[in-house]
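Student: Okay, handing you the structure first.
The values are calculated or read from the model by the stated rules, or taken from the named source; none is laboratory data. Keep in mind it's a predicted model, so treat the numbers as computed, not measured. Glycine gets a Cβ as well: all are built from the backbone with ideal geometry, and neighbour counts include every protein chain shown.
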Amino acid sequence: MDKILANIRAVPGVIGTILVDKSRALTYQLMPASYSSENIKNIAMPLLHLGQSLKHNMSLDFFFENGLARLYNRDQQIMLVVGHLDLNFNTLGMVCREAIPAINRKLTHGQLGLSSTRNDLSTGAGPEFLLKAINIISTNCVSKIGAYMVTKYLRKAKDELSGTYPVLGGVSVDNNGIASFIKGVAYEQDKDTLTAFAHWANLYLSYCAKSTDNLKPADIMELTFEIKDKLDLSGFYQLYVDVGV
């Protein structure tokens, strides 16, 4: 994916590119180093929502006082290319005629670079980190639906999955929606640990989506943005989609 974005970045006048995979809510970007993770988030999330509301297979050009931009919206992804005033849209269009189908093929076949080949815990995304991810989701959800509903649905989803994933049987959820490992209960880290927590997160948000308009499964990237890179490398988001209910 980086190679494709680099080809777009090489077009004279291009400043950078942000691509959002709609189905997985994943962001790929090649922006200047001056753009912080918060800057990227503030662009990516509205971009995802825009892509879900606009017609597919359309392009839009934007003209600003200090630069230009082109938006490509497709079935699976939405991409924003920003550039200087000397950006030539015709040249950009020729490059993107090859780049966009290539991106689509990668997303279709799950060829997402590191995240597709490291679907394990080699990135350090062990049980403690995955529990931290659940608590980040929980904390960010409390402001949207309150601690009572967060606690209710986290417990419900966990209890439903504990028989399938023994590691979840060693987790408790307090009345503030905070999960922790039960002291004295031994758990083993295995190949299903990552799947267990991805499935828990997905089932939890699915329950929320059935009872409120404030949360839906596609919100996962927004809810975990501060640790997105590590979750992506571990394969968490791919599993989150695969186990979707």
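Student: More than 24 Å from Glu222 (Cβ to Cβ) and modelled with pLDDT of 95 or more: does that describe Asp192?
Tutor: Judged against the criteria, Asp192 is not a match.
Student: Something else about it: Testing Ser53 on (1) in contact (Cβ under 8 Å) with a residue 60 or more places away in the chain; (2) under 21 Å from Lys216 (Cα atoms); (3) hydroxyl-bearing (Ser, Thr, Tyr), one condition comes back false. Which one is that?
Tutor: Going through the list (1) in contact (Cβ under 8 Å) with a residue 60 or more places away in the chain; (2) under 21 Å from Lys216 (Cα atoms); (3) hydroxyl-bearing (Ser, Thr, Tyr), Ser53 breaks only (1).
Student: Cβ contacts < 8 Å: first residue over 13 Å from Met221 (Cα atoms), restricted to region 26-45; second residue of a type in the set (Val, Ile, Thr) and in a helix (DSSP H, G or I), any location; separation 6+ or different chain. Result?
Tutor: Gln29/Ile40; Leu30/Ile8; Met31/Ile40
Student: Output the residue which, of all residues in region 1-29 that are part of a loop (DSSP other than H, G, I, E, B) and charged (D, E, K, R), is nearest to Asp229 (Cα to Cα).
Tutor: Among them, the one singled out is Arg24.
Student: Another question, if that's okay. Looking only at region 28-85, count every residue that is out of contact with any Ser or Thr (no Cβ under 7 Å at 6 or more places or on another chain) and either assigned by TED's automatic domain parsing to the domain that holds Met221 or hydroxyl-bearing (Ser, Thr, Tyr) (or both) and tell me the total.
Tutor: 7
This table checks each residue for (1) within 22 Å of the chain's Cα centre (by Cα); (2) not in a helix (DSSP H, G or I).
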site: Leu47; (1), (2): yes, no
site: Ser59; (1), (2): no, yes
site: Phe62; (1), (2): no, yes
site: Leu71; (1), (2): yes, yes
site: Gly93; (1), (2): no, no
site: Cys96; (1), (2): no, no
site: Pro101; (1), (2): yes, no
site: Leu107; (1), (2): yes, no
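Student: Which members of region 212-227 meet the condition of being surrounded by 20 or more Cβ atoms within 10 Å (Cβ to Cβ) and under 13 Å from Phe129 (Cβ atoms)?
Tutor: Thr224
Student: I'm trying to understand the selection: among the residues of region 85-128, which are small (Gly, Ala, Ser), modelled with pLDDT of 50 or more and touching a strand residue (DSSP E or B) at 6+ places or on another chain (Cβ under 9 Å)?
Tutor: Within region 85-128, Gly93, Ala99 qualify.
Student: Report yes if Lys55 is touching a Phe, Trp or Tyr at 6+ places or on another chain (Cβ under 7 Å) and modelled with pLDDT under 95, otherwise no.
Tutor: Answer is no for this residue.
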